[in-house]
Amino acid sequence: MCLGVVYLTAIVSLGPLLGSTADSSTAFVDHFARDANVRLDLVASLLLAAASVLLVWTVVLIRHAVEVTPEARRRCDFLGALSVVSASGLLVAAGLLATVPLTTSIGNVTDDPGIESPVQAGIAQAGTVVLLMSMLVVGATFVLAARLGRASGSIPRWIAVTAWIVAVALILGMSIALLFPFGAWLIAFGLTWKADERVTPPRQDPSLDSANVR
């Protein structure tokens, strides 16, 4: 659930910046001219970077929770590889989206003019594109995670079904608006996950075994 909350908070906070992708460079100038926007974008970018770390940690927990079978082990290995690719993409997107707010904040302290306006727009747009492309891999990652969770009985059926719906919507839509329902799905995924309570068989006293042999 932590992953979903951090991710959704980051996307909601970055909403005005991400939604300016198709605007002219003057729109980015107006956006970054406000100190409140600069601070919010910087914090949101850091949250997005934190979400990339939480994504990997969540997958590690899922791999330890599901039942280990030869087939599940192969899927878990593939899930781990997908999580690294997904987290890397989110981290790059966070870095691009944080570049202009960070340099602007430093420039306000050092009286440095900072990055030129057309370049500001290019960096912000590049960060949005990288984020959208990364979300395709993130969607595939959690489709597989939901499949593993469903096979082990850790999540209800509707979570596994809606994982496919949200992932297909991300692939076909490639829209900023579709990032929000995915965040809501992540929260639902975390809330409905049931930890696998495995009972460890009690150890038998070795002296009893030797007595039985006699």
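Return the total of residues in the stretch 94-124 being in a loop (DSSP other than H, G, I, E, B) and touching a Lys or Arg at 6+ places or on another chain (Cβ under 9 Å).
Applying the first criterion (in a loop (DSSP other than H, G, I, E, B)) to the stretch 94-124 yields 111-116.
With the extra rule that they be touching a Lys or Arg at 6+ places or on another chain (Cβ under 9 Å), the set shrinks to none.
Result for the stretch 94-124: 0.
Output the qualifying pairs, or none if there are none: Cβ atoms under 7 angstrom, residues six or more apart or on different chains, first residue in the stretch 1-25 and polar (S, T, N, Q), second residue modelled with pLDDT under 80.
These pairs meet every condition: Ser20/Ala27; Ser20/Phe28; Ser20/His31; Ser25/Ser117; Ser25/Pro118.
Checking Val161 against (1) of a type in the set (A, V, I, L, M); (2) at pLDDT 90 or above; (3) in contact with a helix residue (DSSP H, G or I) (Cβ under 6 Å, 6 or more places away or on another chain), only one condition comes out false. Which one?
The single condition Val161 does not satisfy is (3).
In the stretch 85-137, which residues are among the β-branched types (Val, Ile, Thr) and surrounded by fewer than 16 Cβ atoms within 10 Å (Cβ to Cβ)? Spell out the reasoning first.
The first filter runs over the stretch 85-137 and keeps only residues among the β-branched types (Val, Ile, Thr), leaving 85, 92, 99-100, 103-104, 106, 109-110, 115, 119, 123, 128-130, 137.
Selection gives Val85, Ile106, Val109, Thr110, Val119, Val129.
Look through Gly127, Gly139, Gly95, Gly153 and report the one residue that is in contact (Cβ under 8 Å) with a residue 24 or more places away in the chain, over 25 Å from Leu14 (Cα atoms) and out of contact with any Cys (no Cβ under 9 Å at 6 or more places or on another chain). Reasoning before the result, please.
Details: Gly127 fails: over 25 Å from Leu14 (Cα atoms); Gly139 fails: over 25 Å from Leu14 (Cα atoms); Gly95 fails: over 25 Å from Leu14 (Cα atoms).
Going through Gly127, Gly139, Gly95, Gly153 in turn, just one is in contact (Cβ under 8 Å) with a residue 24 or more places away in the chain, over 25 Å from Leu14 (Cα atoms) and out of contact with any Cys (no Cβ under 9 Å at 6 or more places or on another chain): Gly153.
Is one or more of the residues making up the stretch 51-73 modelled with pLDDT under 95, of a type in the set (Gly, Ala, Ser) and closer than 30 Å to Pro16 by Cα?
Filtering the stretch 51-73 for residues modelled with pLDDT under 95 gives 51-73.
Add one more test, that the residue is of a type in the set (Gly, Ala, Ser), and what stays is 51-52, 65, 72.
Filter once more, keeping what is closer than 30 Å to Pro16 by Cα: 51-52.
Yes, there is a match, as at least one residue in the stretch 51-73 is modelled with pLDDT under 95, of a type in the set (Gly, Ala, Ser) and closer than 30 Å to Pro16 by Cα.
The values are calculated or read from the model by the stated rules, or taken from the named source; none is laboratory data. Source: prediction; values computed, not measured. Cβ coordinates were reconstructed from backbone atoms using ideal geometry, including for glycine residues, and neighbour counts include every protein chain displayed.
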